[in-house]
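The values are calculated or read from the model by the stated rules, or taken from the named source; none is laboratory data. Given the structure is predicted, the values throughout are model-derived calculations rather than measurements. Note that we place each Cβ from the backbone using ideal geometry, even for glycine, and neighbour counts take in every protein chain shown.
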Amino acid sequence: MTSQAPAYKKAKRHGLNKLSLLRNVLVGMKRLYYTRLWGMDIHPTAQFSLSAKFDRTFPKGVHVGEHSYVAFDSRILTHDRTRGLYLHTRIGKNCFIGGQSLILPGVEIGDNCVIGAGSVVTKSIPPRSVAAGNPARILQSDIEVGSYGRFATADATESALAEKGEA
């Protein structure tokens with residue numbers, strides 16, 4: 001006897017989500033620009049907003065793992081001119097970096113992490129954690145997330161909203 005995953009209803013595509021194919025092409029082109037021209041280490045399955053900024057002063061220090069997402073207006077820094085630092089900044093696998101977050105040079109964000117919107121990450125974050133704030137601090141540990149930092153319960157929540165017609 002095989003167990004099947006429940007059939008979840010998906011939310012309808014609204015607004016700019018209808019242009020996701022075009023967006024994916026543009027992100028792919030920007031990823032090639034960052035990796036081939038600047039030498040950044042951005043995994044082919046990683047996604048990012050077109051407004052996300054990756055430090056080009058020390059581009060070889062940018063590392064983004066597979067199935068991670070960097071949201072709008074986020075900044076990933078690899079240098080600090082005032083202290084003369086040029087450090088590697090790493091984002092692990094299956095991470096979500098919230099909008100307008102700032103990841104400082106030398107920070108390592110472990111696999112399966114979620115960073116809240118507007119966070120300033122000054123220290124490394126251990127795997128399977130939720131962190132937020134300025135400076136960011138760990139709010140929750142031992143979390144379960146899937147690709148792109150999506151919580152395990154997200155499909156059920158989205159399905160319930162779609163059933164009610166609210167998504």
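Data for the structure
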item	result
Leu104 vs. criteria out of contact with any helix residue (DSSP H, G or I) (no Cβ under 6 Å at 6 or more places or on another chain), within 29 Å of Tyr33 (Cβ to Cβ), surrounded by fewer than 21 Cβ atoms within 10 Å (Cβ to Cβ) and hydrophobic (A, V, I, L, M, F, W, C)	yes
Failed item, numbered, when Arg150 is tested on (1) modelled with pLDDT of 95 or more; (2) under 14 Å from the mean Cα position of the chain (by Cα)	(1)
Positions within the range 1-28 being at pLDDT 80 or above and surrounded by fewer than 10 Cβ atoms within 10 Å (Cβ to Cβ), in sequence order	Leu21
Condition check for Phe96: surrounded by fewer than 16 Cβ atoms within 10 Å (Cβ to Cβ) and either under 18 Å from Gln47 (Cβ atoms) or more than 15 Å from the chain's Cα centre (by Cα) (or both)	no
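Matching residues to (1) modelled with pLDDT under 95; (2) assigned to a loop (DSSP other than H, G, I, E, B):
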{"site": "Arg83", "(1), (2)": "yes, yes"}
{"site": "Lys123", "(1), (2)": "no, yes"}
{"site": "Ala132", "(1), (2)": "no, no"}
{"site": "Arg137", "(1), (2)": "no, no"}
